[in-house]
Structures are given as structure tokens and as C-alpha cells.
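Asker: Sharing a structure here in C-alpha cells format.
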Amino acid sequence: MTPRTTAPAWAAALAGLTAAAVAVGVGQLAAGVIGGDSSPVVAVGNAAVDLSPSWLKNWAIATFGENDKVVLIGGIFVVIALLAAGFGVLARIRLGYGRLALLAFGVLGAWAAATRPDAGMLDVLPSLLAAWAGAATLSRIFRRLEPVENAEPAVGEPDDAGEVAGEVAGEEAASEAPPARLEQPPVMLAGERLRTIDRRSLFTGVATGAGVAVVTGAAGVWLGGRNNVAAERAQVAAELPKPVEPLPPLPAGVDFKIPNLSPFVTPNHDFYRVDTALALPNVDPNTWSLKIHGMVDRPIELSFAELLKRPIVEADLTLACVSNPVGGQYVGNARWLGVAMAGVLREAGIKAGADMLLSTSADGWTAGTPVEVVMDGRNALFAFAMNGEPLPVAHGFPVRQVVPGLYGYVSATKWVVDVNVTRFDEATAYWTDRGWDAKGPIKTQSRIDTPRNKTKPGRNVIAGVAWAQTKGIAKVEVKVDDGPWQVAKLAEVPGPDTWRQWSIEVDLASGMHTLSCRATDETGETQTSNGAPPEPSGATGYHRVLIETT
């Protein structure tokens with residue numbers, strides 16, 4: 001091993017940072033070639049998400065919202081930078097120590113990539129290549145950190161020819177030759193000169209490494225972008241099939257169109273997202289297939305083209321996330337197009353005793369859906385379009401599950417590729433393994449959308465949405481401070497599976513006010529006032545908003 005270097009700590013740390021940058025770039029390039037979630041940064045990030053406790057994930061969602069994944073990636077880069085600087089300083093003791101630390105970090109990335117549910121044999125290569133590139137870069141830069149061996153000789157000292165440097169001012173040299181100098185060692189360093197490094201050489205190496213990192217990283221991103229399915233999605237859009245029984249237009253009074261009130265139909269770009277993976281799967285519909293197997297009489301495997309040849313169903317459905325706090329934004333409504341799950345499952349023939357559909361996404365995520373819910377006549381779909389266009393990639397293109405009446409974590413599998421008909425006492429899914437309720441029925445909820453924070457005194461409109469999928473909303477009530485509950489006006493709805501807008505006009509005096517709302521579903525059940533967090537089966541309680549009228 002190379003012994004301790006006398007290079008300053010800042011130079012060693014800079015060398016470590018450069019080595020890490022090259023490693024990340026090379027890893028991204030290799031991942032762009034291989035595809036999938038094999039990028040070292042993405043692989044480690046996915047492992048961090050999977051291993052994080054629920055309370056930490058919920059805190060991240062509550063604090064950063066839909067930016068939580070961006071914050072996580074940024075945090076990973078910060079950690080990598082700090083570790084890389086430390087590896088560089090460690091290499092001052094022995095270069096081998098720094099190289100070994102980089103290689104160990106590469107092995108960690110390879111492990112994270114290999115343990116993904118959808119991992120392939122090649123997914124470990126980007127992390128291993130990244131570690132090799134980082135270690136090689138560290139070695140090359142540390143060679144530039146050796147002390148300067150040929151410093152300029154001081155006046156009166158031997159120059160490179162072993163002669164005395166003297167001044168010649170147009171005078172003739174003395175006729176007598178100067179006394180010969182004894183030969184001296186070519187390198188003579190002591191004191192601070194022992195620690196002198198060639199900064200130009202160092203910064204040249206750092207700049208070269210940064211250039212390699214930028215070029216390889218950009219190339220990796222470009223190659224990864226070539227794997228997207230924009231062209232395939234456009235082709236599906238051009239050939240989107242029509243439903244057997246198209247839904248009528250939405251009722252005229254379905255949307256109050258009140259400012260700041262959530263529209264009845266949530267635009268695709270505003271529809272909430274909850275992903276466990278940092279990189280979205282790009283699934284080609286031409287190679288996609290759906291397998292139905294397990295406790296069935298006749299296992300089925302469908303291609304995308306075969307799925308679209310089946311009877312097409314159109315349905316207006318609201319989806320909600322179990323992590324949604326009271327009054328939260330993780331709920332949305334859309335018009336979906338798909339194939340009835342029940343029809344496919346009947347064709348497969350569900351065996352007696354089966355009570356669970358364990359669905360798996362293209363990235364390995366799983367959900368456990370009760371069989372009885374899918375088979376009871378509700379519009380549970382293998383959906384391929386929302387709001388008149390193919391599913392966006394972020395929402396599961398080419399196919400996802402949509403099941404009204406259940407929270408998404410037990411039903412709404414995006415990029416679905418596999419359904420194993422099994423039993424709850426024999427299999428578990430991603431979130432149930434982490435302590436959440438196994439069956440996840442949606443609870444009746446209501447939310448105040450407007451006003452929020454401030455409004456003017458006098459007559460004000462209070463409005464929001466309420467939902468109780470498969471049951472329908474029968475009544476919404478609003479209370480101002482400690483006053484009586486007042487019944488709000490309800491908008492029209494196309495059916496019981498969507499949310500419902502509500503509004504009421506009230507007089508508000510100047511000052512601070514607390515607004516509360518509660519909903520009653522068509523079965524006569526009113527949402528409870530008892531507040532509870534989302535874990536383990538969905539939040540409960542009244543939504544309350546504190547506003548100031550000035």
C-alpha cells in the first residue's frame with residue numbers, strides 16, 4: 001500500500017470528491033446502457049425508502065409533500081459528497097484505505113440494486129463499475145499530490161546544469177574559470193517545502209475528473225431517456241378503444257366552479273402520486289403482459305393488445321391514499337377506461353378458499369386486494385386510460401388497477417404485471433409488511449377547500465369536497481366556532497364512487513374563526529369526531545380550519 005502522503009487535507013478531500021463524481025457519472029452511464037433502476041444513486045435511494053420506518057416516511061411526506069423523493073435524492077448526494085471527502089482524507093494515511101472505502105461503497109450500491117424485486121443479473125454492474133472508476137480516479141489524482149521534486153533553485157544554488165547562475169551585464173567573463181562545484185543531489189527538500197504540491201497539476205486532474213463526470217453522467221441520462229415510452233404512449237392514444245357503454249356527460253351541476261374549490265375532475269397533471277421507487281418504470285406496452293395465476297383453474301397471460309380486445313368499461317372513480325391526513329390533498333377523481341377485473345378473474349376461475357389478489361407492479365411493489373371486493377359488482381378495473389388519454393407514465397402506463405372503496409395501498413397497483421390469487425394468511429404485501437391494515441376500506445371523509453387562512457368579514461362561501469366511495473355522500477354539515485351544525489348544499493354526482501362538492505354561505509364577523517365540517521354517507525354513517533393518524537388504517541376526525549377575517 002502507498003504510505004502516508006504529506007498532501008494537505010483539503011487537497012485529499014478534493015481528490016475524494018472528484019473520485020466520487022467520476023464514480024457517479026460512470027455508474028449513471030452504465031445504468032443508461034443497462035436500464036431499469038440499476039443506477040447506484042437510485043438503487044441506494046430505493047433501499048433507503050424500503051428500509052426507512054413508517055414514521056420517517058410519513059414525516060417526509062408531511063414536510064416535503066410530492067417533493068419528498070427530490071429531497072431524498074439531494075440528501076443522498078450530500079451524504080455521498082461528505083463520505084467522498086472523508087475517503088480522500090482517509091487516503092492520506094494509505095491510499096489503499098481510500099480505495100477500499102470506495103469499493104465498499106460500490107458493493108453497497110450493488111447490493112441495493114441486486115435486492116430490488118425486479119432486479120436482473122446485470123443490475124449490479126453500474127455500482128461495481130462506478131467503484132472501480134472512483135478508485136482509479138483517486139489513485140491518479142493522488143499521484144499529483146506528491147511533493148514538488150524540482151523546485152526552482154535559489155540564487156547562488158546549483159541550477160539544472162550544475163553551474164552558478166550569475167549576471168552578465170555586457171562585460172566579458174573573467175579569464176580565470178570559477179572553481180568547480182561538487183555534484184549535489186537533484187532533489188533537496190526540507191521544512192515546508194516537503195509539503196509543497198503542484199497545485200496546477202492537482203487542479204488539472206480535478207478539472208479532468210469533473211469533465212469525465214459531467215460527460216458520462218449526461219450520456220447516462222440521455223441513454224436512460226431513450227428508454228422512455230413516449231412514442232408507444234402516443235401510439236396507444238391514437239388507437240384508444242371506446243367503451244362498450246360510454247358514460248353520459250357529467251351532470252350539469254356536478255361542479256360549483258367556486259374559486260379554490262377542487263374541480264370535480266382532477267386534471268392528470270394535478271392527480272396525487274405516491275411512489276415507493278425513485279425512478280418511474282418505463283414499460284413498453286408491446287412487451288407488457290399480465291399474468292393471472294395461483295389459486296385459479298386456468299392461469300391466464302394477456303398481452304396489451306389482447307387486453308384491449310376485451311369489453312371496455314368507463315367509470316368515474318375517486319382514489320385516495322391511506323397516508324392522507326384529515327383535510328389532506330392525497331385524493332383525486334378521474335374518468336377511467338379499462339377492463340373489468342372481475343371478468344378476467346371469472347375466466348381464470350377462482351378456487352374455493354382464495355380471498356386475496358396479490359398484485360405486483362413492474363418495479364416489484366405489491367398490494368393485497370380482497371377477492372370479495374373485486375367480485376361484488378363494483379367497477380374494479382385494469383385501467384389503461386384516465387380523463388380521455390392513456391395513463392401517464394407516473395400513473396401506471398400502460399396498465400394499473402383501480403378499485404373503488406379501498407385505499408390505494410391495497411388496490412391501486414400501477415404498472416401491474418402479475419396477479420397471484422392467494423390467501424391473506426399465506427401472503428403479505430409491501431405496506432402490510434410494514435404494519436398497515438391488510439384490507440384498507442376507505443373511511444367517509446370531508447375537507448374544507450375554501451376559505452383558508454384569511455377572508456373578509458361578512459357573507460362568505462365555505463366549500464369543499466367529501467367522499468365515501470361505493471356508498472355515496474348524503475349530507476355535509478359545517479360549523480363555525482361553537483355554533484350549531486348547518487347543512488351544506490351538495491353538488492350533483494354521476495354515482496356513489498366519486499367525491500362530491502359541497503358549499504354553504506355564512507356570515508363571519510371580524511376576528512379569528514374555526515371552521516369545521518363533517519360528512520354522512522348514504523348508509524347513514526357520519527364520520528367520527530375522534531381524531532386518529534393515518535396509521536394503520538386511515539385518518540379520522542373532523543377537518544378544522546382556522547381563518548382570520550380582516
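Asker: Between Arg459, Arg447, which is at pLDDT 95 or above and under 29 Å from the mean Cα position of the chain (by Cα)?
Answerer: Criteria check complete, one pass: Arg447.
Asker: Now a separate question. Any idea which residue in the range 123-152 is modelled with the lowest pLDDT, counting only those that are open to solvent by 20 Å² or more (accessible area, probe 1.4 Å) and within 26 Å of the chain's Cα centre (by Cα)?
Answerer: Ranking the qualifying residues of the range 123-152, first place goes to Asp123.
Residue by residue, here is whether (1) in contact with a Phe, Trp or Tyr (Cβ under 9 Å, 6 or more places away or on another chain); (2) modelled with pLDDT of 85 or more; (3) open to solvent by less than 30 Å² (accessible area, probe 1.4 Å); (4) of a type in the set (S, T, N, Q) holds:
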residue	(1), (2), (3), (4)
Val33	no, yes, no, no
Gly45	no, no, yes, no
Asp50	yes, no, no, no
Gly65	no, no, yes, no
Val71	yes, no, no, no
Met121	no, no, no, no
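Asker: In this structure, does Asn453 turn out to be at pLDDT below 95 and surrounded by fewer than 18 Cβ atoms within 10 Å (Cβ to Cβ)?
Answerer: Yes: the conditions hold for Asn453.
Asker: Among the residues of the range 341-394, write down those that are out of contact with any Phe, Trp or Tyr (no Cβ under 8 Å at 6 or more places or on another chain), closer than 18 Å to Gln469 by Cβ and small (Gly, Ala, Ser).
Answerer: Ala342, Gly377, Ala380
Asker: Quick one: Asn420 ticks every box in (1) in a loop (DSSP other than H, G, I, E, B); (2) in contact with a strand residue (DSSP E or B) (Cβ under 6 Å, 6 or more places away or on another chain) bar one, so which box is it?
Answerer: Unmet for Asn420, out of (1) in a loop (DSSP other than H, G, I, E, B); (2) in contact with a strand residue (DSSP E or B) (Cβ under 6 Å, 6 or more places away or on another chain): (1).
Asker: Another one. Looking only at the range 305-328, how many residues end up being in contact with a helix residue (DSSP H, G or I) (Cβ under 8 Å, 6 or more places away or on another chain) and not basic (Lys, Arg)?
Answerer: Going through the range 305-328 one residue at a time, the tally reaches 7.
Asker: I've got another one for you. Among the residues of the range 301-319, are any open to solvent by less than 10 Å² (accessible area, probe 1.4 Å), out of contact with any strand residue (DSSP E or B) (no Cβ under 8 Å at 6 or more places or on another chain) and either of a type outside the set (Ser, Thr, Tyr) or modelled with pLDDT of 95 or more (or both)?
Answerer: No, every residue in the range 301-319 fails to be open to solvent by less than 10 Å² (accessible area, probe 1.4 Å), out of contact with any strand residue (DSSP E or B) (no Cβ under 8 Å at 6 or more places or on another chain) and either of a type outside the set (Ser, Thr, Tyr) or modelled with pLDDT of 95 or more (or both).
Asker: Suppose we filter the range 73-94 for residues that are surrounded by 22 or more Cβ atoms within 10 Å (Cβ to Cβ) and either in a helix (DSSP H, G or I) or on the phi > 0 side of the Ramachandran plot (or both); how many remain?
Answerer: Looking only at that region, the number is 3.
Asker: Can we say Thr523 is within 22 Å of Tyr407 (Cα to Cα) and surrounded by fewer than 22 Cβ atoms within 10 Å (Cβ to Cβ)?
Answerer: Judged against the criteria, Thr523 is a match.
Asker: How about the range 308-327: which of its residues are under 18 Å from Leu357 (Cβ atoms) and outside any loop (DSSP other than H, G, I, E, B)?
Answerer: Within the range 308-327, Val313, Leu317, Leu319 meet the criteria.
Asker: If you check Lys291 against the conditions, is it surrounded by 14 or more Cβ atoms within 10 Å (Cβ to Cβ), touching a residue at least 60 places away in the same chain (Cβ under 8 Å) and among the basic types (Lys, Arg)?
Answerer: Spelling it out, Lys291 is indeed surrounded by 14 or more Cβ atoms within 10 Å (Cβ to Cβ), touching a residue at least 60 places away in the same chain (Cβ under 8 Å) and among the basic types (Lys, Arg).
Asker: Moving on to the next point. Among the numbered criteria (1) in contact (Cβ under 8 Å) with a residue 60 or more places away in the chain; (2) not in a strand (DSSP E or B), which single criterion is violated by Val461?
Answerer: The one condition Val461 does not meet is (2).
Asker: For the range 263-307, which residues satisfy the criterion of being in a strand (DSSP E or B) and among the hydroxyl-bearing types (Ser, Thr, Tyr)?
Answerer: Answer for the range 263-307, where residues must be in a strand (DSSP E or B) and among the hydroxyl-bearing types (Ser, Thr, Tyr): Ser289, Ser303.
Asker: Going by the structure shown, is Asp297 farther than 27 Å from Pro117 by Cβ, among the charged types (D, E, K, R) and in contact with a Phe, Trp or Tyr (Cβ under 8 Å, 6 or more places away or on another chain)?
Answerer: No.
Asker: Hey, another quick one. Please find, within the range 420-447, the residue that is most open to solvent (accessible area, probe 1.4 Å) out of those that are within 23 Å of Ser537 (Cβ to Cβ) and aliphatic (A, V, I, L, M).
Answerer: Ala438
Asker: Then there's this: When residues of the range 464-484 are filtered for being surrounded by 14 or more Cβ atoms within 10 Å (Cβ to Cβ) and assigned to a loop (DSSP other than H, G, I, E, B), how many remain?
Answerer: 5
Asker: Sticking with this one: Take the range 411-431 and flag every residue that is free of Cβ contacts under 8 Å to residues at least 60 places away in the same chain and under 20 Å from Thr470 (Cβ atoms).
Answerer: Passing the criteria: Ser411, Thr413.
Asker: I've got another one for you. Counting only residues that are among the aromatic types (Phe, Trp, Tyr) and crowded, with 16+ Cβ neighbours inside 10 Å, how many does the range 201-253 have?
Answerer: 0
The values are calculated or read from the model by the stated rules, or taken from the named source; none is laboratory data. Bear in mind that the values here come from a model prediction, so they are computed numbers and not experimental data. Cβ coordinates were reconstructed from backbone atoms using ideal geometry, including for glycine residues, and neighbour counts include every protein chain displayed. For accessibility, only protein heavy atoms count, side chains too; no ligands or nucleic acids. Shrake-Rupley method; radii C 1.70, N 1.55, O 1.52, S 1.80 Å.
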